[in-house]
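J.: Can you read through this structure? Questions will come right after.
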Amino acid sequence: MKKAKQQSFFQNEPKHQKFFGGALLYRRRKSMRPLSSKDSIHFVLRSTWTMGPDSFLAQRNYQAIHQIITRFAKKFGVRIYQRAINSNHLHLLLRI
């Protein structure tokens, strides 16, 4: 007589994978990360078009970016703790 097999509590339980990590997770998140309104967020924006005179550090671009960030932060109620404007990317430490 065969030994009885234990029944699964969950009917549609997914099968366990034998492999995990590395190339299998390439460009995929393990899970979604909700945005917290209590904690600060380090936000990075990068551009591939900013070179030479179009750099974010060019005087006219630097001032424009600074004004745009400030204006939209006020408009949407975002608090900016720190900002760093580099030649081709921006770092923002903010709270939503």
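Since every read-out is calculated from the coordinates, none of them should be taken as a lab result. No experiment lies behind these values; they were computed from the predicted model shown. Neighbour counts run over all protein chains shown; Cβ positions are idealised from the backbone, glycine included.
J.: Under 10 °C and 1.306 mPa s, how fast does segment 35-95 diffuse according to Stokes-Einstein, given a Kirkwood radius computed over C-alpha pairs? Answer in µm²/s, whole number. Write down the numbers at each step before the final one.
T.: Numbers: Rh = 12.2 Å.
In µm²/s, the coefficient rounds to 130.
J.: Which length gain, in nm to one decimal place, applies between Ser37 and Phe72 when the Cα-Cα distance is subtracted from 0.36 nm times their residue separation?
T.: Numbers: separation 35, 0.36 × 35 = 12.60 nm, distance 1.71 nm.
Gain in length upon complete extension: 10.9 nm.
J.: Please tell me the relative contact order of segment 35-95 in percent, rounded to the nearest whole number, where contacts are Cα pairs under 8 Å and at least six residues apart.
T.: For segment 35-95, the relative contact order is 49 percent.
J.: A further question on this structure: Does anything in segment 73-96 have its amide N under 19 Å from the 7 Å Cα→Cβ label point of Leu57, and if so which residues?
T.: From segment 73-96, the list is 83-92.
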